[in-house]
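As structure tokens, the structure follows; a few thoughts come after it.
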Amino acid sequence: MPDPNRRYAYLAASTLVVIWFWVLIGRPTSLGALFGGNPEPYKERDIRKGRQKKKSAAMSLYYEAADVLKAPTTAGGSLKSRIFSKKDFKAPPAQIYALVIETCKWSAVLKEVIEKTGLLGLERKLTPILSLLLVHDLLLAKRGIALPATHGLRASIERHKARLTAEFTRARIRRGLGSLEALTEHVEAGGDNTSGIPVTAHPRWIRINTLKTTLEDQLKTTFKDYSRTLNVGEVQKRGGKKIFLDAHVPNLVAVPPSADLTKSAAYTSGALIFQDKASCFPAYLLDPLPEDGDVIDSCAAPGNKTTHLASILASHSSVVDIADPTTLTELPQKIHAFEKDKLRATTLAKMVALAGSDVVTKIHASTDFLKADPENPQFAKVGALLLDPSCSGSGIVGRDDMPELHLPSDAKGGAAAAAVGKAGAKGGKGKGKGKDKPAEEKPSQKRKRDGKEEEKVEVLLDDDGVPTAITSAQDLQARLAALAAFQLTLLLHAMRFPGARKITYSTCSEHNEENEGVVLAALESEVAKARGWRVLRRDEQVGGMKRWDVRGVEGEKGEYKAIREGCI
């Protein structure tokens, strides 16, 4: 047993998706009713306004989706973050995102259909991108084109419905596929990928929120039509209904990437939380026990790790009964969730409330963790801290997994000819020449000045989607040094909390400077030495993490060998 009077630094790091984790442990009314009148006129007016707003959103959907696809490759941020962070969209961001993604997936087939019918030559007001979006919804959306029947764009597509449908069928037959379902599986599997880059299908990881349900209940309800598999590779295939129960993180399952559970009762109620496996490691590895007291999540938004912490706290408690949510209020431990960004703090609050963990979570909105006083009495019981600071984001898997965009040509095969590139993603470039040049070509990241070609600019996106232009190794090192300095400051601040017993440190980076480098520097600090922090040994880690085979990277320093087995 470890000496309770000595502080321990437990270290872990992950290379699963190039995410690193380090654990350090130490000591411890209506207006009409208001005025007595008839409220119905107001109600009718509200209904009219609602209908007008909905109609306006529908009419904006295709133009806004087209704008997303036309965005320059250096716009910065992931596709999802760029769509959901934009505030002036009239259409729902989720609807725009789904339309963009699905249209890109089907663009090779749709391009073929549009060109065979000569649609762009017949309807001169249509652009290649708009034609893809509209034909997608005509042929593949359950409700068809989301525009009023009299709208010009809808009419320009629907008057060619018979020919478009016929060419769609021929496109399927040319691929030797007997049904729409088979064609869908073909497209989902990247069957029309022409970039030469293999399509990697990542499983959709789902954490069962044990504050609201159990794994057993979900297997009997939400996943009752899914067949169990013992191989996660089986669920990486885009077709079928298969489910994999993770062997390392409790209450974590994987389903095929094509599985859409966003409309399921379990997801909308907060019983299911979409969370990547690696993102579950920090809270699970921290494993706050009753004797560890309160917990701090220092950089908490969007809230997946915060809500995971709440589930773990409840799982170790004898007073919490999932059948009676009110018992959660009896949990003696609390979570302090810090988020300095106002907008992200709002997202955090929504996530925490949906997950049912708001009764045990105090959100420090618009508050920088670095400004929190460790000696403040409200933190006296804090014994465990989770640190997941901003980083280079270089290890994030799937950020640029944007399907190819194939633009159709006009009747003459001219300027609107096919383009293959990553739509809206960083660094996407067309593969063709001549007539294969994109209709709306993205600006190149290589530019010429005075006849000389400049050095290629790489856009490095951090895990918040903030872009930094990197033109040299020196630029990269300067960026990493700045990030590492901030990360070290955060870790040292966490060590100063007087009752701290455990700290997890995690990044989404593949760079040593942000991982072992930060932890080694922290362990060599005065506060670490004075309080006796050490690295968590593998045999001391929680069961699932102990069994995780991928460990840390050995470096030139001897200390690396000592901590390698503590790395996940």
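The values are calculated or read from the model by the stated rules, or taken from the named source; none is laboratory data. Note that the structure is a prediction, hence the values are computed from the model and not measured. Quick reminder, even Gly has a Cβ in these numbers, built from the backbone with ideal geometry, and neighbours come from all protein chains shown.
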Just to be sure I understand the filter: pairs with C-beta atoms under 7 Å, separated by 6 or more residues or on different chains, first member in the stretch 243-266 and at positive phi, second member of a type in the set (Ser, Thr, Tyr). Which pairs pass?
Asn251/Thr210
Ala108: among the hydrophobic types (A, V, I, L, M, F, W, C) and modelled with pLDDT under 95, yes or no?
yes
Restrict the check to the stretch 326-344 and report whether at least one residue is closer than 16 Å to Thr213 by Cα, surrounded by fewer than 18 Cβ atoms within 10 Å (Cβ to Cβ) and modelled with pLDDT of 95 or more.
no
Number of positions in the stretch 314-348 that are touching a helix residue (DSSP H, G or I) at 6+ places or on another chain (Cβ under 8 Å) and closer than 24 Å to Asp373 by Cβ:
10
Those residues that are touching a strand residue (DSSP E or B) at 6+ places or on another chain (Cβ under 6 Å) and buried (at least 21 other Cβ atoms within 10 Å of the Cβ), I need them from the stretch 260-274; list them, please.
Leu272, Ile273
At least 1 residues that are under 24 Å from Val550 (Cβ atoms) in each: list the helices (runs of 4 or more DSSP H) lying fully within the stretch 242-330 that qualify.
277-286, 304-315
Look at Asp246 and say whether it is under 22 Å from the mean Cα position of the chain (by Cα), of a type outside the set (A, V, I, L, M) and at pLDDT 95 or above.
yes
Inspect all residues belonging to the stretch 107-114 and state whether any of them is of a type in the set (D, E, K, R) and either more than 28 Å from Pro257 (Cα to Cα) or exposed (fewer than 14 other Cβ atoms within 10 Å of the Cβ) (or both).
no
Could you say whether any residue in the stretch 222-245 is closer than 24 Å to Leu328 by Cα and either in contact with a Pro (Cβ under 6 Å, 6 or more places away or on another chain) or crowded, with 18+ Cβ neighbours inside 10 Å (or both)?
no
Just wondering, is there one or more residues in the stretch 60-73 that are at pLDDT below 95, in contact with a Pro (Cβ under 7 Å, 6 or more places away or on another chain) and surrounded by fewer than 20 Cβ atoms within 10 Å (Cβ to Cβ)?
yes
Out of (1) modelled with pLDDT of 90 or more; (2) surrounded by 15 or more Cβ atoms within 10 Å (Cβ to Cβ), the odd one out for Asp463 is which?
(1)
